[in-house]
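See below for the structure under consideration.
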Amino acid sequence: MKILIVEDEMELAKDMADYLNDEHYICEIANSLSSAIDKLSVHFYDCILLDLMLPDGNGLELLKELNPQNKHTGLIIISAKDALEDKIKGLNLGADDYLSKPFHQSELAARLHSVIRRKQFDNSQIVKQYNLTIDILAKEARIDNKAINLTKKELDLLLLFIGNKNKVLSKSALAEHLSGDFADMFDNHDFVYAHVKNLKKKLKTHGYNGTLHTVYGTGYKWEA
Amino acid sequence: MTKLLDRPFKAFTIYSLIILFCSIPMYYWAVDYIWSSELDEHNQIIKSEIQHQLDQWKNDDKDLDLLIENWNIVRPEAKLTEITYDQVKSDSTYEVELNSAFIDDSDMERFRILLTYLDINDRHYQLLIQTNIDSGDETILSIALVTLVFFLLLITGFIILNKRISIQLWKPFQTTLEQLKAFDLSREKHIEFQPTDIEEFEELNQTLKKLMEKNIAVYKQQKTFIENASHELQTPIAQIKSKLDIYYQSSKLSKAQSDMLDTLQLPISRLARINKNLLLLAKLDHSDFKDISKVNFNELIDESLNLFSDYIEERELKVQKSGTDILDQSCNSFLVETLLQNLLSNAIKYAPIGGSIHIELAPKKFTILNDGAESLKQNMIFERFASVSASQASSGLGLAIVKEICIRYSWQPKYEFTKGQHSFSIDF
């Protein structure tokens, strides 16, 4: 899978590339609007991560260039502006998702996973991992075709884990995934333990073949 | 507090009271002096008349004795007594108080006396003329009464004039004051003062105008600064957050290092949110949030409660919702969501563990109540970075954002503390 990261902050772009560069993703970086347009004219990308504030123009202009020929290219807007108008405008112009800075890499990976699934596999709503199947639309998870009863938050976490295979996720990343911006309002994120514990237990009792590790006592890793 | 014109009015009143009071004895002395000298003159005239009349009886001593005897009976106020030459003295005038035998009144009467001496037929006579003069207290009383009446007239006049003058005189001042009261720095609207022909007020208006223009300029500058600063901060914050995520993936992390990374997450998230809130505040000041629709509060509250459900469970809070479910307003749903999330997260955070939160919805009012120990600082609560509580996790901007959103839609935010409950309400 080829990903184009359009971002003028090189450090940030490298971090995204670093995080996403595993067996699935090959990341390329464009640090301006013009170089992004150049790259797009030569190569096909499965998804573009697009910063809106670029030195030579607004990232939204790329959206207009993109539309006709890249039907299967996913697009996630990454903006420092957190401006509602930009979000709506971007989504109207064909962006698939919107993420405002700063964000956890795991959040980006999960969104990317979801966008590519929808774009590449004809709007597929099924996620598979070993003997685990998740139907996104029905909000239902099955192991060996037997339904497991997951709460909404457990399902959310499960999708986050699947989007971040073999990555160590911090408690804070999990809390922010569940509660959004307001997670830091509260000093205690212990509820994350409870959700993960329950999820682990349910996966185990239903005989899931993969593993969800606790790493260093504070983080989690989904091995696949 | 007293009104400006009331102060000189008080002084004027006291001053006129003193002057009028002092004038009472002055008037009395003046009246008494005039009266006494008039009576003395009158007594002298009587004396001359008596002398003139008696001179006609000069020749006959016997007739004269008879006449004087009769005279003294008929006119006791001018009494003639024969004396020896040794007893003749110079004339004297004086006053006495006597109980007149002829008036049916036990009061003492004041008399003006002329004690003089006449020579008739080489005989010496003492003439005592006594004329009734008013006793002093009557004069004083009348003068005092008249003075009082004038004093009252003076005061009434003062009051009426004072009112009229103050209304007219202070009109430009009042207008300026009303304009100042309505002035809101954050709206950046300049005030046009009404021109006035009173020099002091015109000077005041000009000075105020300059002051306000300066303030508005500084305010604008400050806002731009905050906005730029928070924009600039976004990228470094994003970099720190992303570096932490990358560092977390390192396979050689010790438990201590991983714990350290973990403790860094919360302050960074907090930093990110404070910064986002600052940006939102700046945006609220100058953006119009055009996307307006009918927003159902009930639905958004349920969504927010769902988002915070973990925290509610963790703090063992009892959340109750009551009232109508048809509270809706034409506004921007993103802003209402922000407003509700700020209020709800505060309630969840500050309610004691095991406490309760009550949400009341009425067609024109929305209230969130939560248990609490003591009242927060009422006047500061909606201000930016007003540390109204000792808790550390607050960004200090949540309620300022609530206030700004309310101002945008002319809603009334209110905080109260009653019966051990914090109550935040919004009147639509």
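Results, tabulated for the structure shown:
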{"quantity": "Condition broken by B:GLN329, with the remaining ones in (1) open to solvent by 70 Å² or more (accessible area, probe 1.4 Å); (2) part of a strand (DSSP E or B) satisfied", "calculated": "(1)"}
{"quantity": "Pair list, Cβ under 6 Å, 6 or more apart: the stretch B:249-272 residue among the hydroxyl-bearing types (Ser, Thr, Tyr), other residue in a helix (DSSP H, G or I)", "calculated": "B:SER269/A:ASP184"}
{"quantity": "Some residue of the stretch A:177-191 being surrounded by 20 or more Cβ atoms within 10 Å (Cβ to Cβ) and either of a type in the set (Gly, Ala, Ser) or farther than 30 Å from B:ASN342 by Cβ (or both)", "calculated": "yes"}
{"quantity": "All positions within the stretch B:13-43 that are loosely packed, with under 14 Cβ neighbours inside 10 Å and either closer than 19 Å to B:THR116 by Cβ or more than 59 Å from the chain's Cα centre (by Cα) (or both)", "calculated": "B:SER37, B:GLU38, B:GLU41"}
{"quantity": "Residues (more than 14 Å from every other protein chain (Cβ to nearest Cβ) and surrounded by 13 or more Cβ atoms within 10 Å (Cβ to Cβ)) located in the stretch B:218-249", "calculated": "B:TYR219, B:LYS220, B:LYS223, B:ILE226"}
{"quantity": "Conditions (1) open to solvent by 50 Å² or more (accessible area, probe 1.4 Å); (2) in contact with a Pro (Cβ under 7 Å, 6 or more places away or on another chain); (3) part of a helix (DSSP H, G or I); number of the one not met by B:ASN215", "calculated": "(2)"}
{"quantity": "Of all residues in the stretch B:293-322 being without any contact (Cβ under 8 Å) to a residue 12 or more places away in the chain and not acidic (Asp, Glu), the one that is surrounded by the fewest Cβ atoms within 10 Å (Cβ to Cβ)", "calculated": "B:ASN306"}
{"quantity": "Answer residue from the stretch A:147-172, given it is in contact (Cβ under 8 Å) with a residue 60 or more places away in the chain and more than 7 Å from chain B (Cβ to nearest Cβ) and is farthest from A:ALA224 (Cα to Cα) among those", "calculated": "A:LEU169"}
{"quantity": "Verdict on B:GLU213 being modelled with pLDDT of 85 or more and over 30 Å from B:CYS406 (Cβ atoms)", "calculated": "no"}
{"quantity": "Conditions (1) touching a strand residue (DSSP E or B) at 6+ places or on another chain (Cβ under 6 Å); (2) within 14 Å of chain B (Cβ to nearest Cβ); (3) without any contact (Cβ under 8 Å) to a residue 60 or more places away in the chain: number failed by A:MET185", "calculated": "(1)"}
{"quantity": "Residue under evaluation B:LEU5, criteria (1) touching a helix residue (DSSP H, G or I) at 6+ places or on another chain (Cβ under 6 Å); (2) open to solvent by 70 Å² or more (accessible area, probe 1.4 Å), criterion not met", "calculated": "(2)"}
{"quantity": "Enumeration of residues in the stretch B:44-68 that are exposed (fewer than 11 other Cβ atoms within 10 Å of the Cβ) and either acidic (Asp, Glu) or assigned to a helix (DSSP H, G or I) (or both)", "calculated": "B:SER48, B:HIS52, B:LYS62"}
{"quantity": "Of residues in the stretch A:153-176 being touching a strand residue (DSSP E or B) at 6+ places or on another chain (Cβ under 6 Å) and buried (at least 23 other Cβ atoms within 10 Å of the Cβ), the one farthest from B:LEU307 (Cα to Cα)", "calculated": "A:VAL168"}
{"quantity": "Counted residues, the stretch B:263-318 - those being polar (S, T, N, Q) and under 45 Å from the mean Cα position of the chain (by Cα)", "calculated": "3"}
{"quantity": "Cross-chain or 6+ apart pairs with Cβ under 7 Å, the stretch B:13-25 first and β-branched (Val, Ile, Thr), then open to solvent by 50 Å² or more (accessible area, probe 1.4 Å) and in a helix (DSSP H, G or I)", "calculated": "B:THR13/B:PHE158; B:ILE24/B:ILE140"}
{"quantity": "The stretch A:63-80, subset out of contact with any helix residue (DSSP H, G or I) (no Cβ under 8 Å at 6 or more places or on another chain) and either closer than 26 Å to B:LYS290 by Cβ or at pLDDT 75 or above (or both), residue farthest from the other protein chains (Cβ to nearest Cβ)", "calculated": "A:ASN67"}
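The values are calculated or read from the model by the stated rules, or taken from the named source; none is laboratory data. On a predicted model such as this, the values are computed, not experimentally measured, just so you know. Positions of Cβ are backbone-derived with ideal geometry, glycine not excepted, and every protein chain shown enters the neighbour counts. Each accessible area value is taken on the protein alone, full model and side chains, heavy atoms only, with ligands, DNA and RNA left out. Shrake-Rupley method; radii C 1.70, N 1.55, O 1.52, S 1.80 Å.
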